[in-house]
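Peer 1: Below is a structure I'd like to ask you about.
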Amino acid sequence: MAGQKRATIRKMQPKLSVRTGDQVEVISGKDRGKRGTITEVRPTENRVIVEGVNMVKRHLRRQPNALQAGIIDMPAPLSRSNVMLICPNCGETTRVSHTTLPNGKRARICKHCTEILDKEQ
Ligand SMILES: [Zn+2]
């Protein structure tokens, strides 16, 4: 074999360094300091939805198919740059770097304690 060709065309799909289920801390905005779990990631918008953070009230008119009517609280998307990942190992807010595991898969590691954050994969 003449060696593998390096992929020169990178996929342009944006990828965020946080994922659904990650614990994050809000670092700006009215909910600064709050911690929560990511319930949704929207890479195309560079936004995340964090449980219990950035709650907004929605006024819903009663509709035939709607389950709820009236005023309900729901979390609004936050910019990814307004949250920081909390390392499950050292418990600190951290940035992530990436590494390649022996099995060839990419994994995120904590910049503080260099612990691998994606062990289950
Ligand atoms: Zn850590």
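Readers should treat all values here as calculations from the given coordinates under stated rules, not as data from a laboratory. Keep in mind that this is a model prediction, so the values were computed, not measured. Positions of Cβ are backbone-derived with ideal geometry, glycine not excepted, and every protein chain shown enters the neighbour counts.
Peer 1: How big is the charge dipole of the chain about its Cα centre, in debye rounded to the nearest 20, if each Lys and Arg gets +1 on its Cβ and each Asp and Glu gets -1 on its Cβ?
Peer 2: The calculated dipole for the chain is roughly 540 debye.
Peer 1: With a point put 7 Å past each Cα toward its Cβ, work out how far Ile72 is from Leu16 in nm, to one decimal.
Peer 2: Result: 2.1 nm between the two label points.
Peer 1: In segment 13-85, if the dipole is taken from +1 on Lys/Arg beta carbons and -1 on Asp/Glu beta carbons about the Cα centre, which of Thr39, Ser17, Met55 is farthest to the positive end?
Peer 2: My answer, from the dipole projection, is Met55.
Peer 1: Same structure, new question: Only Cα pairs under 8 Å and at least 6 apart count here; give the relative contact order of segment 52-116 as a rounded whole percent.
Peer 2: Averaging sequence separation for qualifying contacts and normalising by length gives 20 percent for segment 52-116.
Peer 1: Between Met55 and Cys90, what is the label-point separation in nm under the 7 Å Cα-to-beta-carbon projection?
Peer 2: Taking the simple label geometry, Cys90 and Met55 are separated by 3.3 nm.
Peer 1: Just to check, using Stokes-Einstein with a Kirkwood Rh over alpha carbon pairs, what's the diffusion coefficient of the chain at 20 °C and 1.002 mPa s in µm²/s?
Peer 2: The Stokes-Einstein estimate is 128 µm²/s.
Peer 1: What is the projected area of the convex hull of the Cα atoms of segment 17-78, averaged over all directions, in nm²?
Peer 2: 5.1
Peer 1: Find the centroid of the Cα atoms in segment 17-33 and in segment 37-60, then give the distance between the two in whole Å.
Peer 2: 10
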